[in-house]
Ligand code: SF4
């Protein structure tokens, strides 16, 4: 089990990575395993301070076994560059690891089944900031309906981790006019939080509460 190994703090990052990949590749915990070409585990260093989370693998990712491939990958790469973030600054992953057929949203049961792997990744990476790409990923992580059209760039507090919802690069590929610019802005905000130039989610929410009672 991935979770058993994650509890083994003496395991090397290489061994943890192999075990996580083995667990996901062998996983048949939900029906999505039947339609996948390649499960997409995640990519990036386990000591990254930033985690970037999408909703699911799409066609290119399913074929290549890598998160954010094809056009969405190009948009994300450019936005990270503009924000001053290198590829090795972030761990990239998705809420579910196998592609839903026809690129439909994952069902609540599929999300719940795959949470074992996502939780393991959270325990391994221990991010300080999470950028959630798209309303679906943000809603799953914050456990309430989130519309990135309304709250992109807000800094939420997720048990001590700053969570910033923003547009998914696929929105930019689809032609949503504000998507690419907002993604660049919000990745820049994530970098500013990491650099101490912007308040964390916890600090932001504490300030908002203080204003509300003051
Ligand atoms: S989506 Fe997640 S839970 Fe479902 S089969 Fe793939 S790895 Fe397992």
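Kindly indicate whether residue 52 is under 21 Å from residue 178 (Cβ atoms), surrounded by 16 or more Cβ atoms within 10 Å (Cβ to Cβ) and touching a strand residue (DSSP E or B) at 6+ places or on another chain (Cβ under 7 Å).
Working: under 21 Å from residue 178 (Cβ atoms): yes; surrounded by 16 or more Cβ atoms within 10 Å (Cβ to Cβ): yes; touching a strand residue (DSSP E or B) at 6+ places or on another chain (Cβ under 7 Å): yes.
It is true that residue 52 is under 21 Å from residue 178 (Cβ atoms), surrounded by 16 or more Cβ atoms within 10 Å (Cβ to Cβ) and touching a strand residue (DSSP E or B) at 6+ places or on another chain (Cβ under 7 Å).
For the subset of segment 59-114 comprising residues that are at positive phi and within 16 Å of the ligand (Cβ to nearest atom), which member is farthest from the chain's Cα centre (by Cα)?
Filtering segment 59-114 for residues at positive phi gives 65, 68, 70, 84, 102-103.
Imposing the further condition that a residue be within 16 Å of the ligand (Cβ to nearest atom) reduces the set to 65, 102-103.
Details: 65: 16, 102: 21, 103: 17 Å.
Going through the qualifying residues, I end up with 102.
Restricting to segment 1-21, name every residue that is outside any loop (DSSP other than H, G, I, E, B) and either surrounded by 15 or more Cβ atoms within 10 Å (Cβ to Cβ) or modelled with pLDDT of 95 or more (or both).
2, 5, 6, 16, 17, 19, 20, 21
When you look at residue 179, is it under 23 Å from residue 57 (Cβ atoms), touching a strand residue (DSSP E or B) at 6+ places or on another chain (Cβ under 9 Å) and modelled with pLDDT of 95 or more, yes or no? Reasoning before the result, please.
Values: under 23 Å from residue 57 (Cβ atoms): yes; touching a strand residue (DSSP E or B) at 6+ places or on another chain (Cβ under 9 Å): yes; modelled with pLDDT of 95 or more: yes.
The answer is yes for residue 179.
Going through segment 9-38 one residue at a time, which ones are more than 23 Å from residue 126 (Cβ to Cβ) and within 11 Å of the ligand (Cβ to nearest atom)?
Scanning segment 9-38 gives 25, 26, 28, 29, 30, 31, 32, 33, 34, 35, 36, 38.
Do the conditions hold for residue 135, that is, is it surrounded by fewer than 22 Cβ atoms within 10 Å (Cβ to Cβ) and over 22 Å from residue 198 (Cα atoms)?
Numbers: surrounded by fewer than 22 Cβ atoms within 10 Å (Cβ to Cβ): no; over 22 Å from residue 198 (Cα atoms): yes.
Taking the combined requirement at face value, the residue does not satisfy it.
Which is within 18 Å of residue 87 (Cα to Cα) and part of a helix (DSSP H, G or I), of 208, 189, 172?
Numbers: 208 fails: within 18 Å of residue 87 (Cα to Cα); 172 fails: within 18 Å of residue 87 (Cα to Cα).
Selected residue: 189, the only one of 208, 189, 172 that is within 18 Å of residue 87 (Cα to Cα) and part of a helix (DSSP H, G or I).
The values are calculated or read from the model by the stated rules, or taken from the named source; none is laboratory data. Keep in mind that this is a model prediction, so the values were computed, not measured. Cβ atoms come from the backbone with ideal geometry, glycine included; neighbour counts cover every protein chain shown.
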